[in-house]
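Since the structure comes first, as structure tokens, the remarks are kept for the end.
Every read-out reported here was derived from the displayed coordinates using simple, explicitly stated rules and does not represent laboratory data. Note that this is a predicted model, so its numbers are computed, not measured. So basically every Cβ, Gly included, is an ideal-geometry build from the backbone, and we count neighbours across all protein chains shown.
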Amino acid sequence: MIKRILNFKSSNVTLAAFILSLASLASALLGLFRDRLLAGSFGAGNELDIYYAAFDLPDFVNMVLIMGAISAAIIPVFTFYWAKDKEEAKRFLSNLLNLMFVIFVVVSLFLFIFAPQIISVTAPGFIGKKREMTVLLTRIMFLSPILLGTSNVLSGILQVFSRFLVTALAPIMYNIGIIFGILFFVPRIGLVGLAWGVALGAFLHLMIQLPIFFHLGFKPRKIFSAFHPGVKKVFVLMLPRAFGIAVSQINFIVMTAIGSTLAAGSIAVFNLANNLSRSFLILLAVPFCTAAFPVLATAFSEGKKDEFFKQFSSSFRLLLFLIIPASSFLFILRAQIVRVIYGTGNFGWSDTRLTGACLALFALSLFAYGLGLLLSRAFYAAHNTKTPTLIGVATVLLNIVLSFVLIDIFKNSNFLTDAVIGILKLKGLGNISIIGLPLAYSISGIIQFVLLYYFLHKKLGDSKQKEIAKTARITILATVPAIAVTFFSLHLFALFFNTSTLFGIFIQAAVSGSLGLLVYALVALLLKSEEMIMLKDFLMRYLKKYRSRGIIEGKKEPL
């Protein structure tokens with residue numbers, strides 16, 4: 001039964017996005033539980049600074065070599081071969097997996113050896129034992145790119161065959177591994193246990209997908225040809241994307257380096273806020289992008305331009321409809337969210353206020369990064385990696401410049417500093433200069449979104465702009481009263497609930513947010529939002545369908 005459930009196939013983009021959203025919600029909740037354990041165990045101090053700084057380098061390898069290849073190259077090239085010759089497609093994939101595994105091992109080993117020198121650059125503010133511990137954790141974590149690299153290639157192929165459920169469960173297993181490390185490794189071997197938890201999570205990420213991959217008819221083959229035409233096509237397509245991601249990851253490494261020179265805990269505060277923001281991004285944007293990308297790539301490969309833009313428009317509008325109010329609620333409820341999730345153990349009220357301020361600034365660009373992911377996938381599906389890469393490089397450079405400028409501004413008392421302190425309620429805190437990083441990140445993200453949208457329309461033609469503009473207008477009109485209701489509800493319920501307790505804060509935020517969400521849905525229906533009607537019909541249809549079935553059944557479809 002487990003095998004049948006994991007092998008569940010969804011060829012419908014909306015259903016696939018729905019499945020991925022549910023799995024992403026579970027993954028996000030586990031991720032937040034993981035961060036709550038970290039915050040409660042260590043607080044926003046040196047230990048979490050070490051953990052996040054150590055995580056940067058292995059994550060850099062993972063994102064550059066793996067995510068760039070999958071999103072920009074492996075899926076489009078594999079679908080091209082599969083449409084022509086299925087057996088050749090299998091040989092191509094086996095060859096590619098063998099080559100990439102060797103690359104993952106060689107790169108990880110090289111960086112393992114030179115970790116001390118690299119940490120001196122990526123965390124210049126770390127000295128003595130803090131630096132030594134960062135090097136040790138970094139070296140252990142280099143097991144994860146090898147395992148995650150192989151696993152994420154499998155994810156891309158499984159998505160082509162609409163096995164979205166098992167690929168969505170893989171990140172859940174990754175978080176379970178890290179949580180296991182926090183609960184069981186750390187008490188026994190200390191901070192090093194966090195690194196071994198990351199390695200365990202990567203192993204589980206791979207293991208849950210291997211059975212279904214083999215079930216679909218794939219198997220290891222002794223093929224190792226670096227000059228195969230398909231392999232060369234993959235590397236030609238992935239290099240611009242990998243370069244763009246590398247620049248983006250360097251962006252975070254630079255921000256970590258800046259944070260290492262600020263007050264202790266600055267890196268922790270920045271990462272905890274960023275993780276919360278990314279949880280919303282994973283929940284809302286990633287499922288739509290993941291589900292839509294194979295469909296867009298297939299439509300483009302088959303020359304169906306109208307179908308390409310139809311799928312892009314529907315995914316973009318539905319994501320827009322969801323992510324705009326989510327950004328707004330995240331901004332309004334920031335303090336309550338941070339306190340409920342992280343407010344335990346060694347994580348104090350000052351940590352909460354500063355993390356909440358960073359979260360609010362991240363929320364400003366949540367819509368831009370979410371929709372930007374889908375725009376980038378549209379470019380990749382059209383075999384255009386150059387345009388989003390150049391835009392990404394330009395905006396990352398802008399972000400780095402803004403980071404230095406804003407950090408310097410917030411170190412001193414001036415009009416902008418006083419205004420931000422007032423808006424984000426930071427009066428009385430000491431060094432708040434860390435908020436310059438999320439503000440720079442949001443400004444550059446919004447600019448990146450505008451450029452991606454403009455050039456997609458310019459290079460590919462009709463992108464259903466009138467339909468998108470209509471959705472944007474209705475979404476904003478529905479969001480404004482929802483924000484107002486949420487804001488005033490917070491202040492009203494503060495009179496009735498004891499907000500000095502976790503339960504009181506949770507009820508205050510949950511009731512206020514629910515009222516705001518209800519107002520948003522009602523106004524959207526009154527304005528005859530197509531997306532709201534589509535969501536309602538979709539949920540009613542599939543809930544009725546699965547109630548009658550009792551269980552989701554997967555079907556074996558041999559290749």
Worksheet, complete the sentence: Rounded to whole angstroms and listed largest first, the alpha-carbon spread of the chain along its three principal axes comes to 67, 61, 48
Discussion item. Need the C-alpha centroid separation for the stretch 174-222 versus the stretch 430-509, integer Å.
Written reply: 34
Discussion item. Taking every alpha carbon pair in the stretch 283-379, what does the distance histogram look like in 5 angstrom bins from 0, in percent?
Written reply: 2, 13, 20, 15, 13, 11, 9, 7, 5, 3, 2, 0
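Dipole of the chain, Cα-centred, from +1 at each Lys and Arg C-beta and -1 at each Asp and Glu C-beta, to the nearest 20 debye?
1340
Which semi-axes, in whole Å and largest first, does the equivalent ellipsoid of the stretch 54-261 have when worked out from the alpha carbon gyration tensor as the square roots of 5 times its eigenvalues?
Working: eigenvalues 209, 80, 37 Å².
For the stretch 54-261, the semi-axes come out at 32, 20, 14 Å.
Just rank M255, M532, fewest to most, by other beta-carbon atoms within 10 angstrom. Provide the component values of the computation, followed by the final result.
Numbers: M255 25, M532 22.
So the residues, fewest neighbours to most, are M532, M255.
Quick check on packing: order 390-402, 447-459, 406-418 by the mean number of other C-beta atoms within 10 Å, highest mean leading.
Values: 390-402: 19.0, 447-459: 17.4, 406-418: 14.2.
Order by mean packing, descending: 390-402, 447-459, 406-418.
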Worksheet, complete the sentence: Dividing the surface of the Cα convex hull of the stretch 198-345 by four yields a projected area in nm² of 14.1
Worksheet entry | Karplus 3J(HN,Hα) series, Hz, for the stretch 283-297 with 6.51 cos²θ - 1.76 cosθ + 1.60 (x for Gly, Pro) | 5, 9, 8, 4, x, 5, 5, 5, 6, 7, 4, x, 5, 5, 5
Worksheet item: If you place +1 on the Cβ of every Lys and Arg and -1 on the Cβ of every Asp and Glu, how big does the dipole about the Cα centre of the stretch 54-261 come out, in debye to the nearest 20?
Response: 340
Fill in: Charge dipole (the chain, unit charges on Cβ, about Cα centre) - positive-most of A478, I267, L318
L318
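Arrange the peptides 520-530, 284-294 so that the one whose residues have, on average, the most other Cβ atoms within 10 Å appears first. Let's see the in-between values first.
Values: 520-530: 16.8, 284-294: 24.6.
The peptides rank, most packed first, as 284-294, 520-530.
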Worksheet item: What translational diffusion coefficient, in µm²/s and rounded to a whole number, does the Stokes-Einstein relation yield for the stretch 388-522 at 20 °C and a viscosity of 1.002 mPa s, taking the hydrodynamic radius as the Kirkwood radius over Cα pairs?
Response: 116
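Highest mean first, what order results for 142-150, 178-186 on Cβ atoms within 10 Å? Display every interim value, and only then the final one.
Numbers: 142-150: 23.8, 178-186: 19.1.
Per-residue mean Cβ counts within 10 Å order the peptides as 142-150, 178-186.
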Discussion item. I need the phi-derived Karplus couplings for the stretch 226-235: 6.51 cos²θ - 1.76 cosθ + 1.60, θ = phi - 60°, integer Hz, Gly and Pro marked x.
Written reply: 6, 9, 4, x, x, 5, 4, 5, 4, 5
Worksheet entry | Options L216, T138, P229, ranked by Cα towards positive dipole end of the stretch 136-277, top entry (Cβ charges) | P229
